[in-house]
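K.L.:
Can you read through this structure? Questions will come right after.
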Amino acid sequence: MIDQTTKALILRVYPMLGELPADALDELLAAATYMKVPARALMFDENQPCMGFPLLLSGTARVIKTAPSGRELHLYYVEPGEACILTSSCLLGQSLYQARCLAQEELELAVLPPATFRALFSQLEPFREHVLSRFSERLSDLLQLVSAVTFQKLDQRLAAALAAKPSPIHTTHQALADELGSLREIVSRLLKSFVDQGWVRLGRERIEVVDAAALRRLANL
């Protein structure tokens, strides 16, 4: 049940929905399901059917590809107000998920049934443009990821990831390894070499970038 407070939040985070006629908006919200998902919960997994389109209102979700060995490759994050392109693709193509999604922190969302999403996509141009623009942005990001994984060494990718984040970086070696699709031990070893060269300083779940220019040179940015 979507109450008035949640309705106001949905319209603030997804303002294009405010362009719907009042009766159409009420019908859409009546079909939606409000949910809270705990941190680290599995949102969807590979080879599962898509059960609805999430309007993410708070929190961050992480989409990853997992190998049979258990190693993970980070694909992208989904933030409030964004569209998950994998979910959009599955709903529009009526296909199964080809990756999994985890809640980074507690999530607040409203889930639209597949038929409601398809009707909204076809009838509301601003919403359609919003979804398609995310496809374009994510495709560019994923092509860069493919290029990095194929042509860059791990130390270059780690340097690029550190240089791109505001310092200090509050993260763990395991989180960085997951983001890069590597092993924690390898990332820790590379971070130690960066420390030895005076590029970063390490703390508890904290990395301070000391020489961002050196990291960018290594990453060829």
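K.L.:
If Val63 passes every condition in (1) in contact with an Asp or Glu (Cβ under 9 Å, 6 or more places away or on another chain); (2) open to solvent by less than 50 Å² (accessible area, probe 1.4 Å) but one, which one does it miss?
P.N.:
(1)
K.L.:
Next question, about the same structure. Please work out if Arg201 is assigned to a helix (DSSP H, G or I), among the charged types (D, E, K, R) and at pLDDT below 95.
P.N.:
Considered against the rule, which asks whether it is assigned to a helix (DSSP H, G or I), among the charged types (D, E, K, R) and at pLDDT below 95, Arg201 comes out as no.
K.L.:
Before we move on, is Leu191 under 16 Å from the mean Cα position of the chain (by Cα) and either touching a residue at least 12 places away in the same chain (Cβ under 8 Å) or open to solvent by 50 Å² or more (accessible area, probe 1.4 Å) (or both)?
P.N.:
No: the conditions fail for Leu191.
K.L.:
Now a separate question. What's the total number of residues in the stretch 24-42 that are open to solvent by 60 Å² or more (accessible area, probe 1.4 Å) and either at positive phi or not basic (Lys, Arg) (or both)?
P.N.:
Keep residues of the stretch 24-42 that are open to solvent by 60 Å² or more (accessible area, probe 1.4 Å), which gives 26-27, 30, 33-36, 38, 40, 42.
Retained after the next criterion (residues that are either at positive phi or not basic (Lys, Arg) (or both)): 26-27, 30, 33-35, 38, 40, 42.
The qualifying residues number 9.
K.L.:
Have a look at Val63, Val111 and point out the one that is among the β-branched types (Val, Ile, Thr), assigned to a strand (DSSP E or B), more than 25 Å from Val187 (Cβ to Cβ) and touching a strand residue (DSSP E or B) at 6+ places or on another chain (Cβ under 9 Å).
P.N.:
Val111
K.L.:
Taking Gly81 as the residue in question, decide whether it is open to solvent by less than 30 Å² (accessible area, probe 1.4 Å) and part of a loop (DSSP other than H, G, I, E, B). Even if it seems obvious, please write down each step before you answer.
P.N.:
On the way: open to solvent by less than 30 Å² (accessible area, probe 1.4 Å): yes; part of a loop (DSSP other than H, G, I, E, B): yes.
So Gly81 passes the test.
K.L.:
Going residue by residue through the stretch 42-51, is there one that turns out to be in a strand (DSSP E or B) and polar (S, T, N, Q)?
P.N.:
no
K.L.:
Something else: Take the stretch 118-136 and flag every residue that is farther than 13 Å from Glu82 by Cβ and buried (at least 17 other Cβ atoms within 10 Å of the Cβ).
P.N.:
Leu120, Phe121, Leu124
The values are calculated or read from the model by the stated rules, or taken from the named source; none is laboratory data. Just so it is clear, the structure is predicted and the values come from calculations on it, not from any experiment. As a convention, Cβ positions derive from the backbone with ideal geometry for all residues, glycine included, and neighbour counts pool all protein chains shown. The accessibility values were calculated without ligands, DNA or RNA, using every heavy atom of the protein model including side chains. Shrake-Rupley method; radii C 1.70, N 1.55, O 1.52, S 1.80 Å.
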